[in-house]
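Below is one structure; the comments refer to it alone.
The values are calculated or read from the model by the stated rules, or taken from the named source; none is laboratory data. Everything numeric in this text was worked out from a predicted model, so none of it was measured. Methodologically, a virtual Cβ is constructed for each residue, glycine included, from the backbone with ideal geometry; neighbour enumeration extends over all protein chains shown. For accessibility, only protein heavy atoms count, side chains too; no ligands or nucleic acids. Shrake-Rupley method; radii C 1.70, N 1.55, O 1.52, S 1.80 Å.
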Amino acid sequence: MSIKVNNKVFTLQTENSTYQMKVTEHGHLLHLYYGSKIADEDISYIIPQVMRSHESNPPEVGEDRIYSLAAYPQEFSTNDVGDYRIPSIELINHDGSYSFVGKYASHRIYDGKYSLSSLPTIYANEDDCAQTLEIILEDDVTHVSVKLLYGVFPKKDIITRAVILCNRSGKEIRLRRLMSMNLDLMTSDLDMIEFYGHHYYERQTNRHPLTHGINEIGSFRGVSSHFHNPFAIICDRKTDEDTGNAYGFCFMYSGNFVFDAEVDGYGQTRIAMGIHPKQFDFHVSDGECFEAPEVLLCHSASGLSALSHRYHDIFRNNACRSKFVNSKRPVLINSWEPFRFTFNTDTLLRTAEISKKLGADMFVLDDGWFGKRDNDRAGLGDWVVNGEKIIGGIPALSEKIHAMGMSFGLWFEPEMVNEDSDLYRAHPDWCLRVPGRAPSRSRHQLCLDLSRPDVCDHIIDAVNAVLDAGGVDYVKWDYNRYVCDVYSSYYPADRQGEVYHRYILGLYRILDGIVKTHPDILFEGCSGGGGRYDGAIMTYFPQTWCSDNTDAPSRLVIQYGTSFAYPISTMGSHVSVCPNKKTKRTVPFKTRALTAMHGTFGYELDPAKMTDEEMSECAEYTALYKEYQPLIFGGDYYRLSSPYDDELFTAWEFVSKDKSSALVFVVMQEISIMDKNCYVHLRGLKDDSFYRIEQTEQILSGAVLKNAGILLPHTKPQYSSYVFKLSEVR
Ligand code: GLA
């Protein structure tokens, strides 16, 4: 049993962590502990019993001047009743008051993992032995309640949280904020690690000490966004890859979000994560409920690598039900970078034919195949093949590609519309726009209003019509702008604060109607590169295009940041031409290939323009990747060095779960005139076992590989690279 209740003390146990909370004699639910494993004993002594002057004391505590919601650690923080830190909830009751005081009403424990009816969540497999705890906190005055949900995955060291608000007040209430989780820690000597960026520059790693006040990241772009990933780590100041406490917070939602770490005057830290409250105003009628998305919490006492391994394992095994998640994935060649909108059937067939010889498994036709899509000013929304470019249509093209022994993929951007499209001409009211104002364009396109059920139905039918005609083995699902002008003509004026969230609910309904009804199609997410790289999207898409930046040195940094939460098997990563179109950098083919092996591997180039030498390298690395893919996808991943440190190289490693084999990748970053010896120290191997390194033919023990390391060749030109394959000698 991983959930125990004793005297209203709730203790959640995983193999390596414990989470504890307690109902006080006055019915408040206090948070007591989250950290390394401890026994089930009540540790409420950790809350100092001191009078904090000026703080308010709830009426039910009488003359007790110590009991204060402002200083005690809360499990679900309240609003307007004396706790001045970030609230978990803000609502407007029918009488105009803002108060909510949730007191313990009941709880329930059951085997298995809860799910939410409107939002994606992690699921449990039988061997996870997952359990659920539900605690209901009710306001005795208004009869509004919240159900706090906890999913405990003991073997995976993951605890999930979500909240469902239910209104039984007899009147409508307005919800202005509902955080999915609140975690009050008794300390504040902590660092925050977050992943920021922009298009072409996703998930840059930023580590900084928490400061007094609110340390906040978030997105208000209608999408989780390139700017801040909905994942953050709070850790001890000295935590590194192998040692120290670290807490991870991963939000299972693709829309607006906020992550706050508030350090109060008493040196305590409140962490909260949820839907961004800005422009959020949801009406909840009497008898209705509102679901707040799930957060995946993880604690590691052994540093950041273990934290990442736990997230990788849960995403690999419990997020997406697609059969492709843990199976072999195709090496694909994509038409976008070489051809953009300018191609014809012959170009495509010729490209597929050459790629087949190089070992590619799949040809993907990107943007430009539909409507009047000869540039990015027209056609979005019209998911009907352009018969002049694709003679005979998609099934006919696919048949020819299948005949070559390759599979076939197609690009869509279903959530968008160009004004120059048949769809827009027929339904100008189907996009988000504020009455009386022209909407802002981005990449010449507008956002379809996914909060409208009729728009969602249309998208499902239009995309399914193409897919049901057959021949499509893979879909790249793109999303190329942020949301603004958030107003839906479908809803009355006082319901416009619901549109951002309803858009995301619409998105999930569309994905359910397309992705889940096509189990034999491999889906890859994309959003101008990696602008929608989040846990929720991973429940639909086994892989997501990491970034439109395919320059290898830039990718090292992006992939490094992405790896803290998300498995390598989710990262769309391709080799493109040189000099790189974006950065103009020249990098050897081998290094571009080894960097693209940090993911699903493929190509974004015209193979007809390759030199003979490149052709043979291409075939060689494609074959190598196919050999390595099971270990890359299934192994434990180690960041051996950081691209931000003052190191000469970036290195990473995959170790099989049984520790019998490993793969090590190294890319030299800087040209250094310093005559410096370079060693790559491996991790995760068995100290006492011996490993044969295929490339150097050395046989070394795990302990030596860890402590002395692999010696790199003495001459190390900039952007040169190495891969080492190690097998245990039995
Ligand atoms: C986005 C994607 C690219 C490509 C283009 C097509 O930018 O990230 O990979 O699909 O759209 O317009």
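Can you tell me the orientation of helix 303-318 relative to the chain, as the angle in degrees between its alpha-carbon axis and the longest Cα principal axis, to the nearest 10?
Relative to the chain, helix 303-318 is tipped by roughly 80 degrees.
Which lysines have a Cα less than 21 Å from the Cα of residue 516, not counting those fewer than 8 places away in the same chain?
113, 323, 328, 476
Taking each pair of distinct Cα atoms in the stretch 54-104 once, what is the resulting Kirkwood hydrodynamic radius in Å?
Kirkwood radius, the stretch 54-104: 11.7 Å.
For the chain, take the longest principal axis of its alpha carbons; what is the angle in degrees between that and the long axis of helix 345-358, to the nearest 10 within 0 to 90?
90 degrees
Enumerate by residue number the trypsin sites (Lys or Arg not before Pro) in the stretch 161-200 meeting two conditions: DSSP loop (anything except H, G, I, E, B), and at most 14 other Cβ atoms within 10 Å of the site's Cβ.
Of the trypsin sites (Lys or Arg not before Pro), the ones in loops of the stretch 161-200 whose Cβ has at most 14 other Cβ atoms within 10 Å are 168, 171.
Per the Kirkwood treatment, what hydrodynamic radius in Å, one decimal, follows for the stretch 30-88 from the mean inverse distance over all distinct Cα pairs?
Value: 12.8 Å, from the Cα pair sum.
Please enumerate, by chain and number, the lysines with C-alpha under 22 Å from the C-alpha of residue 238, excluding those fewer than 8 residues away in the same chain.
Those lysines meeting the cut-off are 37, 706.
What is the Cα radius of gyration of the stretch 447-535 over 2.2 N^0.38 Å, N being its residue count?
1.17
Taking the Cβ of residue 386 as the center, what net charge do the other residues with Cβ under 12 Å away carry, scoring Lys and Arg +1 and Asp and Glu -1?
Net local charge, residue 386 excluded: -1.
Under 17 Å Cα-Cα from residue 389, which aspartates and glutamates qualify once same-chain neighbours fewer than 8 residues away are excluded?
The reachable aspartates and glutamates, counting only those whose Cα sits under 17 Å from residue 389, are 346, 366, 367, 374, 376, 399.
Residues of the chain: accessible area per residue at 1.4 Å, in Å²?
For the chain, the per-residue accessible area is 36 Å².
Name the longest site-free stretch of the chain, where the excluded sites are GluC sites (Glu not before Pro) in a DSSP loop with no more than 16 other beta-carbon atoms within 10 Å.
For GluC sites (Glu not before Pro) (loop position, at most 16 other Cβ atoms within 10 Å), the longest site-free span of the chain is 389-646.
Once you list every other residue whose beta carbon is under 11 Å from the beta carbon of residue 483, what net charge do they have if Lys and Arg are +1 and Asp and Glu are -1?
Within the 11 Å Cβ shell, the charges total -1.
Rounded to two decimals, what is Rg over Rh for the stretch 219-345 when you use alpha-carbon atoms and the Kirkwood radius?
We get a ratio of 1.09 for the stretch 219-345.
Listed highest first by mean packing, meaning other Cβ atoms within 10 Å per residue, what order do 707-714, 654-661 come in?
654-661, 707-714
Taking every pair of distinct Cα atoms and averaging 1/r, then inverting, what Kirkwood hydrodynamic radius in Å comes out for the stretch 673-730?
It is 12.2 Å.
Under 9 Å from the Cβ of residue 180, count the other residues' Cβ atoms, weight Lys and Arg +1, Asp and Glu -1, and hand me the total.
Once all neighbours under 9 Å are counted, the net charge is 0.
Counting residues in the stretch 180-281 as N, plug N into 2.2 N^0.38 Å and put the Cα Rg over that result.
For the stretch 180-281, the normalised Cα radius of gyration is 1.06.
Translational diffusion coefficient, Stokes-Einstein: compute it for the chain using the Kirkwood radius over C-alpha pairs as Rh, at 20 °C and 1.002 mPa s, and state it as an integer in µm² s⁻¹.
Reported coefficient: 79 µm²/s.
Between helix 499-514 and the chain, what is the angle of the helix's C-alpha long axis to the longest principal axis, kept within 0 to 90° and rounded to the nearest 10?
Helix 499-514 sits roughly 50 degrees off the main axis of the chain.
Taking the Cα of residue 342, stepping 7 Å toward and past its beta carbon, and measuring to each backbone N in the stretch 570-590: which are under 17 Å?
Within reach of a label on residue 342: 581.
Taking all protein chains in place and a 1.4 Å probe, what share, in percent, of the accessible surface of the chain do carbon and sulfur account for?
That share works out to 50 percent.
Among 228-235, 684-691, 570-577, what's the highest-first ranking by average C-beta atoms within 10 angstrom per residue?
228-235, 570-577, 684-691
Which entries in the list 357/582; 8/147; 156/657; 400/609; 357/725 go over 18 Å, if you measure between the two C-alpha atoms of each?
Beyond 18 Å: 357/582; 400/609; 357/725.
What trypsin sites (Lys or Arg not before Pro) does the stretch 199-238 have in DSSP loop regions with at most 15 other beta carbons within 10 Å?
Those that pass, being in a loop and sparsely packed, are 237, 238.
When a/c reaches 1.5 or more, the comparison of a/b and b/c decides; with that in mind, is the stretch 613-720 rounded, prolate or oblate per its Cα gyration tensor?
The shape class here is oblate.
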